[in-house]
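Written below as structure tokens is the structure these notes are about.
The values are calculated or read from the model by the stated rules, or taken from the named source; none is laboratory data. These figures come from a predicted structure and were not determined experimentally. Heads up, the Cβs are rebuilt from the backbone with ideal geometry, glycines too, and the neighbour counts pull from every protein chain shown.
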Amino acid sequence: MRAPYAFAAVLLVAGCSSAASPDPGPEITVPAQFGTIQAAVDAAREGATILVSPGVYKESVQVRTKGLTIRGLQRGSVIIDGEVKRANGIVVTAPEVTVQNLTVRNHTLNGVLVTGLAENGGMGRGSNGYTKLDTEKFPPLQGFRVSYVTASNNALYGIYAFDAQHGVIEQSYASGSADSGFYVGQCKPCDIVVRGNVAERNAVGYEGTNASGRMFVLGNRFSGNRVGMTSNSDYQEAFVPQEDATVVGNLVSDNAEALSPAQADGAFGLGLGIAGGTKNLVARNLITRNPGVGVALGSAEDMAPLDNRFSDNVITGNGEDVLYAASRRAPGRNNCFDRERCYDGVGDPLPKSSAPRGIPFNQVAAPPLQPEMPDGPLPDMAPNVDKYVLPSEDLFDDRAAVRS
């Protein structure tokens, strides 16, 4: 992987382990060589690739070795199943690890967690009665890639990057998350790209909290959630305020899905929300048919929305297309749409939505079949923002269950 875009054993349902190689690598197979993914990870040397054959793997995988690749041989049939009793599917606390072409489901916390917090199995926000992370004790993890992963029916986050830098989350799918399908938190500068993903039937499709500096959210489908996407500042995490994210080419539509887990604060029907964000660019996005508000721009405690730019978006057919909601405590400044209108000062309060009750995360419908990772090298990890144009309403319709 190229800079700066670098990147307890349990029983397997089918298959048993054979004698382990004395020098496992550069390529290891599961279950042919090791009966569990964790056993292969523990034996692997730096830079090895672990190839996982179809099966249901009832384990939680902890990755502590630099540079490993865990690749499923069939995305929908290589399943790490938490059985609604294990916390995490895969926890990555080593740099330059890649997770590819598999499914993580039914975990009581997260599907895939990538984090520099190496204590207690890599717990982050929302995972252990959260207290603010000491960023000197736990510096950000350096380099990761999550590609072609299906994360369904996980209680908090589907794919979760926290206290990590220099990574990509791409071509993945998340549903049934009671917090958000995709989450990036506490990084500055992040140097993270979230691209080409689908999030539906989550409380929130994508959430970026204190995710600042070279933070790119590009060409995703955030449709059919309770809330499409948010970018916000929060004192519970380091590096406030959130600033300098680039949100381009996304479809954010129809976010009023009742058959999804309820979010803690009850928000519903919102497309894009920015709370206390600064110097973000929102361009060439289609934000439509969100019955509450298409774009809500507000404050977070004493942090104001400042210098946010909106350019060449299509924001139409929402309950209210744009709501400026900066508070008296934190009035905003210079939040501009296409150079024609700017919002400053105090706005109107965000109306309370009438949110349906929601359903348990493990009762959310199973995802549709998702595309396999293609043979050959994956695209460069650079963001390539200019290639993302205004999306059509049927972006990734073939990967989605909730359609327009």
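Answer with yes or no whether Asn210 is polar (S, T, N, Q), at pLDDT 95 or above and either out of contact with any strand residue (DSSP E or B) (no Cβ under 7 Å at 6 or more places or on another chain) or over 29 Å from Ala382 (Cβ atoms) (or both). No, not satisfied. All of Gly269, Gly294, Gly249 fail the test of being within 18 Å of the chain's Cα centre (by Cα) and of a type outside the set (Val, Ile, Thr), apart from Gly249. Only one of the listed residues (Gly277, Gly332, Gly317, Gly271) is surrounded by fewer than 17 Cβ atoms within 10 Å (Cβ to Cβ) and small (Gly, Ala, Ser). That residue is Gly317. The selection criterion, being modelled with pLDDT of 95 or more, among the hydroxyl-bearing types (Ser, Thr, Tyr) and either surrounded by 17 or more Cβ atoms within 10 Å (Cβ to Cβ) or over 24 Å from the mean Cα position of the chain (by Cα) (or both), holds for Ser327. A Cβ distance below 7 Å, combined with a sequence gap of six or more or placement on separate chains, defines the contacts here; from the stretch 40-56, residues that are under 9 Å from Thr29 (Cα atoms) reach residues that are of a type in the set (Gly, Ala, Ser) and at pLDDT 95 or above in the pairs Ile50/Ala40; Ile50/Ala44; Val52/Gly72.
The residues of the stretch 71-103 that are within 16 Å of Gln171 (Cβ to Cβ) and in a strand (DSSP E or B), listed by number, are Arg71, Gly72, Val78, Thr98, Val99, Gln100, Asn101, Leu102, Thr103. Take the conditions of a type in the set (Gly, Ala, Ser) and farther than 28 Å from Asp81 by Cα and apply them to Ala366. Does it pass? Here the answer is no, as Ala366 does not meet what is asked.
For the stretch 335-355, how many residues are modelled with pLDDT under 90 and either under 25 Å from Ala262 (Cα atoms) or buried (at least 17 other Cβ atoms within 10 Å of the Cβ) (or both)? The total comes to 7. Taking the conditions exactly as written (touching a Pro at 6+ places or on another chain (Cβ under 8 Å) and aliphatic (A, V, I, L, M)), does Ala87 satisfy them or not? Spelling it out, it is not the case that Ala87 is touching a Pro at 6+ places or on another chain (Cβ under 8 Å) and aliphatic (A, V, I, L, M). Confirm whether Gly89 is at pLDDT below 95, touching a Ser or Thr at 6+ places or on another chain (Cβ under 7 Å) and not hydrophobic (A, V, I, L, M, F, W, C). Answer is no for this residue. Please work out if Tyr160 is more than 12 Å from the chain's Cα centre (by Cα) and part of a strand (DSSP E or B). No; evaluated as a whole, the condition is false for this residue. Among the candidates Thr230, Thr288, Thr278, the residue that is among the polar types (S, T, N, Q) and closer than 16 Å to Pro391 by Cα is uniquely Thr288. A count restricted to the stretch 356-365 and to residues that are in a loop (DSSP other than H, G, I, E, B) and either surrounded by 14 or more Cβ atoms within 10 Å (Cβ to Cβ) or among the charged types (D, E, K, R) (or both) stands at 6. Of the set (1) surrounded by fewer than 24 Cβ atoms within 10 Å (Cβ to Cβ); (2) not in a loop (DSSP other than H, G, I, E, B), all apply to Glu46 but (2). When Asp338, Asp386, Asp380, Asp397 are checked against the criterion of being in contact with a Phe, Trp or Tyr (Cβ under 8 Å, 6 or more places away or on another chain) and closer than 21 Å to Val252 by Cα, a single residue qualifies: Asp338. Suppose the filter is farther than 23 Å from Gly167 by Cα and at pLDDT below 95; does Ser53 pass it? When the stated conditions are applied, Ser53 does not pass them.
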